[in-house]
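The values are calculated or read from the model by the stated rules, or taken from the named source; none is laboratory data. What you see is a predicted model; the values in this text were computed from it and never measured. Positions of Cβ are backbone-derived with ideal geometry, glycine not excepted, and every protein chain shown enters the neighbour counts.
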């Protein structure tokens, strides 16, 4: 009896990936990682702003997960200094502290 063989793997054309948006630039990924290490209790993510027209360039925003509806532009330059001002904001700090108090304590093993 012949052995059953798996079908050959399908190949995805390169053009299928060209239409998908690329992730954030490396400097933004690095700056976000550094910011998350510095502000370890704060929750935020990088999102792509919706393009107004196909000709427009990709724009990235920081979304604060503790302050609903708030989006921040990275900068100035290749930094997150504008967003760090938000992280120091009194209302934001209160929201983070309340969330942290509500979260269960994780035991260290």
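Table for the structure above
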read-out	value
Looking only at region 72-95, and only at residues there that are outside any helix (DSSP H, G or I) and surrounded by 11 or more Cβ atoms within 10 Å (Cβ to Cβ), the one that is farthest from the chain's Cα centre (by Cα)	89
Extreme residue, nearest to residue 33 (Cα to Cα), among residues of region 75-84 that are in contact with a strand residue (DSSP E or B) (Cβ under 9 Å, 6 or more places away or on another chain) and at pLDDT 95 or above	80
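Let's see how each residue does on (1) in contact with a strand residue (DSSP E or B) (Cβ under 9 Å, 6 or more places away or on another chain); (2) outside any loop (DSSP other than H, G, I, E, B); (3) closer than 27 Å to residue 70 by Cβ; (4) at pLDDT below 95:
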{"residue": "1", "(1), (2), (3), (4)": "no, no, no, yes"}
{"residue": "17", "(1), (2), (3), (4)": "no, yes, no, yes"}
{"residue": "23", "(1), (2), (3), (4)": "yes, no, yes, yes"}
{"residue": "31", "(1), (2), (3), (4)": "no, yes, yes, no"}
{"residue": "37", "(1), (2), (3), (4)": "no, yes, yes, no"}
{"residue": "50", "(1), (2), (3), (4)": "no, no, yes, yes"}
{"residue": "53", "(1), (2), (3), (4)": "no, no, yes, yes"}
